[in-house]
1. Return the residue satisfying two criteria in turn: it lies in the range 93-139 and is among the aliphatic types (A, V, I, L, M) and surrounded by fewer than 15 Cβ atoms within 10 Å (Cβ to Cβ), and of such residues it is modelled with the lowest pLDDT.
2. If Val83 satisfies all but one of (1) surrounded by 15 or more Cβ atoms within 10 Å (Cβ to Cβ); (2) of a type outside the set (Ser, Thr, Tyr); (3) over 25 Å from Ala235 (Cα atoms); (4) at pLDDT below 95, what's the number of the condition it fails?
3. Does Asn5 fit the bill of being outside any loop (DSSP other than H, G, I, E, B), surrounded by fewer than 14 Cβ atoms within 10 Å (Cβ to Cβ), out of contact with any Lys or Arg (no Cβ under 8 Å at 6 or more places or on another chain) and polar (S, T, N, Q)?
4. Would you pick out the residues in the range 23-69 that are of a type in the set (Gly, Ala, Ser), over 25 Å from Ile120 (Cβ atoms) and in a strand (DSSP E or B)?
5. What number of residues within the range 223-251 satisfy the criterion of being under 28 Å from Thr145 (Cβ atoms) and open to solvent by less than 60 Å² (accessible area, probe 1.4 Å)?
6. Would you mind stating whether Leu180 is among the aliphatic types (A, V, I, L, M) and without any contact (Cβ under 8 Å) to a residue 60 or more places away in the chain?
7. Suppose we filter Ala148, Ala171 for residues that are open to solvent by 20 Å² or more (accessible area, probe 1.4 Å), aliphatic (A, V, I, L, M), in contact with a Leu (Cβ under 8 Å, 6 or more places away or on another chain) and without any contact (Cβ under 8 Å) to a residue 60 or more places away in the chain; which single one remains?
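The values are calculated or read from the model by the stated rules, or taken from the named source; none is laboratory data. This structure is a prediction, so every number in the text was calculated from the model and none was measured. Because the Cβ atoms are built from the backbone with ideal geometry, glycine has one as well, and the counts that use them run over all protein chains shown. Calculation scope for accessible area: heavy atoms of the full protein, side chains included, ligands and nucleic acids excluded. Shrake-Rupley method; radii C 1.70, N 1.55, O 1.52, S 1.80 Å.
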Amino acid sequence: MLSKNKIKYIRSLELKKKRKEEQVFVAEGHKLVGDLLGYFPCKLLIATSNWLKINHPVTANEIIEVTQEELSRASLQKTPQEVLAVFVQPSYDLNPEVIKSSLCLALDDVQDPGNLGTIIRLADWFGIEHIFCSAGTADVYNPKTVQATMGALARVKVHYCSLPQLIESLADIPVYGTFLSGNIIYAESLSAHGLIVMGNEGKGVSPEVEKLINKKLYIPNYPQERETSESLNVAIATAVVCSEFRRRLLP
């Protein structure tokens with residue numbers, strides 16, 4: 001039986017303040033919960049008898065068997081699946097040294113939780129293991145962000161920090177950013193390591209961060225003389241940029 005207090009607790013985790021206090025986050029659905037189990041300690045798992053039977057054994061501090069109707073009352077999703085889990089937020093060391101030996105992303109005030117989740121999923125696809133976010137970037141543990149990652153949170157470490165301070169500590173490491181005034185990405189030399197900065201959906205990269213970027217790139221539209229959309233969605237732009245960086249490493 002799922003108590004009213006448990007339902008109230010789960011639904012309270014929609015709020016960033018509550019997630020921060022409890023140091024937990026919510027994940028829902030077969031694939032997402034399945035991907036995260038084993039990577040993060042599970043504080044609470046509620047699931048139907050069918051899910052528990054198929055996925056036995058499951059390790060969690062507390063497991064509650066529920067009906068689909070009970071799950072619907074606790075779920076943060078419009079169409080809940082058979083399982084919901086509350087995981088403990090991981091704690092990662094912030095080590096800028098990884099940028100010297102691998103390709104990393106930096107997000108400068110990306111606001112939309114869905115965009116953030118999609119970018120984390122893209123990073124996972126392209127083998128990028130670290131994302132550095134400004135304080136103004138959406139919360140990685142927002143339920144919409146978590147769902148959009150499709151389990152990539154298990155493999156991509158997300159850090160929040162001052163981007164100007166981070167970039168200033170990198171010395172001669174290449175720092176890339178996308179701008180309408182940049183050099184066409186397909187004609188530029190690209191490094192196998194460094195930092196790629198992606199900006200806010202409406203304002204782009206902030207002036208404070210822009211002045212620290214030493215490699216400005218531009219994703220050209222086609223054909224260039226044709227009237228087109230003003231810009232690309234930040235998640236789509238991230239996919240284009242990461243794909244081009246990784247293409248250069250192919251034999």
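1. Leu94
2. With respect to (1) surrounded by 15 or more Cβ atoms within 10 Å (Cβ to Cβ); (2) of a type outside the set (Ser, Thr, Tyr); (3) over 25 Å from Ala235 (Cα atoms); (4) at pLDDT below 95, Val83 is out only on (4).
3. When the stated conditions are applied, Asn5 passes them.
4. none
5. Qualifying residue count for the region: 12.
6. Yes, satisfied.
7. Ala148
Table: residues versus (1) part of a helix (DSSP H, G or I); (2) out of contact with any Lys or Arg (no Cβ under 9 Å at 6 or more places or on another chain).
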residue	(1), (2)
Phe87	no, no
Pro90	no, no
Asn95	no, yes
Ala106	no, yes
Gln111	no, yes
Asn115	yes, yes
Thr118	yes, yes
Ile131	no, no
Tyr176	no, no
